[in-house]
Amino acid sequence: MSPIFFQNYWHIVGDFVTACVLDILNGGALNQQLNHIHIVLIPKIPKPELITQFRPVSLCNVIYKLVSKTIANRLKPLLDSLISPAQSTFVPGRAITDTVLIAYELNHFLHHKTWDKEGQCSDSRSGTRWEFEGVAISRTAPRVSHLLFTDDTLIFCHATLVELEHVNRMLDQFERASGLKMNLQKSAIVFSHNVEPNNREELAAVLGVHVVDKHAKYLALPTSIGKSKREIGDSIKNRIWGKLNNWAAKKLSQAGRAVLIKTVVQAIPVYTMGCFRIPDSLLAEIESMTAQFFWHGELESRLHWVSWSKVC
């Protein structure tokens with residue numbers, strides 16, 4: 001049953017629900033029927049054809065959610081000591097933007113590192129410790145071996161068969177311990193310029209992933225940017241244009257358009273602007289599109305009765 005049922009009839013079912021939740025928390029046993037969930041597949045694209053183009057969403061029952069929420073609230077004060085410093089999820093004081101910026105700096109370092117004969121790929125196993133040491137962008141900088149945010153993970157290691165085999169064993173242990181399996185189709189490996197091209201495919205085969213020049217995005221933001229910042233801005237502009245174009249076909253009232261602009265359109269650039277500076281010219285283009293939609297409900301260039309700065 002939906003939560004609205006329990007809210008409306010809490011005076012009838014409240015005592016039973018409370019007793020059921022406390023019994024699970026104190027006894028540690030969850031009834032098998034309460035553990036059943038419904039899985040809904042949400043399309044990632046307009047016309048999906050493959051199962052990988054759907055996003056599975058679990059619909060849990062109310063009692064299950066109450067139990068899990070209670071456990072989460074009890075664990076919250078302890079998360080800082082339980083979660084690795086490399087993990088930036090669900091811990092107060094750690095932000096997703098920290099992970100994005102670290103990933104950006106490390107990728108920038110790897111792509112601009114000059115060729116060094118001592119740093120090229122080798123298969124020397126003798127004298128090598130069975131661990132991966134990570135990457136440091138300078139002599140005084142700390143070494144970063146991995147970045148974690150929920151299921152989005154970056155692992156940094158030296159381009160040697162020894163370290164890659166160690167990473168492979170670590171991932172295998174994770175799969176056996178958690179029951180989760182890495183999606184190789186969504187995984188890729190990036191090499192610095194120090195690794196010779198003819199060695200890259202051999203190293204990638206150890207992990208069973210494909211080689212790419214760079215990761216397109218990490219946590220929805222680019223991992224590397226050229227001299228032009230239009231790459232970031234164009235993705236934001238296209239998202240906003242898509243939203244406005246879809247709303248324009250619905251013939252909304254001006255009050256409705258104002259609500260959508262404030263709650264959706266103006267929130268889209270905020271996440272990106274927390275990490276990167278967006279060009280003023282692009283902000284002006286977004287402002288122009290938004291003003292057209294607000295005044296006329298369409299994206300064609302027409303007269304604005306009041307300047308946008310006064311409207312905002």
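What follows is calculated from the coordinates using simple rules that are stated; it is not laboratory data. As the structure is a computational prediction, the values presented were derived from the model and not from experiment. Every residue, glycine among them, receives a Cβ derived from its backbone with ideal geometry; neighbour counts consider all protein chains shown.
Along segment 90-97 the Karplus relation, 6.51 cos²θ - 1.76 cosθ + 1.60 evaluated at θ = phi - 60°, assigns HN-Hα couplings of 6, 10, x, x, 10, 10, 5, 5 Hz to successive residues, with x for each Gly and Pro.
Each peptide among 179-185, 275-281 gets the average number of other Cβ atoms lying within 10 Å of its residues, and from highest to lowest they stand as 275-281, 179-185.
Put simply, the amide H of F54, placed in the peptide plane, has neighbours under 5 Å in K44, leaving out anything fewer than 5 places away on its chain.
Across segment 282-299, rounded Karplus estimates of 3J(HN,Hα) from the backbone phi angles (6.51 cos²θ - 1.76 cosθ + 1.60, θ = phi - 60°) give 5, 4, 5, 5, 5, 4, 5, 4, 5, 5, 4, 5, 5, 7, 10, x, 8, 9 Hz, Gly and Pro being marked x. Taking amide H positions as modeled 1.01 Å from N, with prolines and chain starts lacking one, no residue 5 or more places away or on another chain lies under 5 Å from C275.
Structure remark: mean-square fluctuation, Gaussian network model of the chain, C-alpha springs under 10 Å; the largest value among K243, K44, K69 belongs to K44. A dipole drawn for the chain from +1 and -1 charges on Cβ atoms has a positive end, and of V306, A159, V17 the residue lying farthest that way is V306. For the chain, a crude dipole built from +1 on the beta carbon of Lys and Arg and -1 on the beta carbon of Asp and Glu, taken about the Cα centre, is about 1060 debye to the nearest 20. Aspartates and glutamates within cross-link reach of K237: Cα-Cα under 12 Å, excluding same-chain residues under 8 positions apart? Result set, ordered by chain and number: E285, E287.
Look at the alpha carbon pairs under 8 Å that are at least 6 residues apart: their mean separation over the length of the chain gives a relative contact order of 12 percent.
Subtracting the Cα-Cα distance of L75 and L50 from their residue separation scaled by 0.36 nm leaves 5.2 nm.
Remark on V135: its backbone amide H falls under 5 Å from those of V144, S145, a criterion applied only to residues 5 or more positions apart or on other chains, H modelled at 1.01 Å from N. Hey, of [x] 33; [y] 53; [z] 44, which did the structure itself give for percent of Cα pairs over 31 Å apart when calculated? Calculated percent of Cα pairs over 31 Å apart: the matching label is [y]. The dipole here belongs to segment 223-266: it is taken about the Cα centre, uses +1 on the Cβ of Lys and Arg and -1 on the Cβ of Asp and Glu, and is about 100 debye.
Estimated from helical segments only, the mean residue ellipticity of the chain at 222 nm is -14500 deg cm²/dmol, where each DSSP H run of four or more residues counts as -39500 (n - 2.57).
Comparing L252, L25, L171 in a Gaussian network model of the chain (Cα springs below 10 Å), the most mobile by mean-square fluctuation is L25. Both radii were evaluated on the Cα set of segment 170-312; the Rg over Rh quotient, with Rh as the Kirkwood radius, amounts to 1.16.
When the chain is treated as a Gaussian network with alpha carbon springs shorter than 10 Å, the biggest mean-square fluctuation among I240, I189, I37 belongs to I37.
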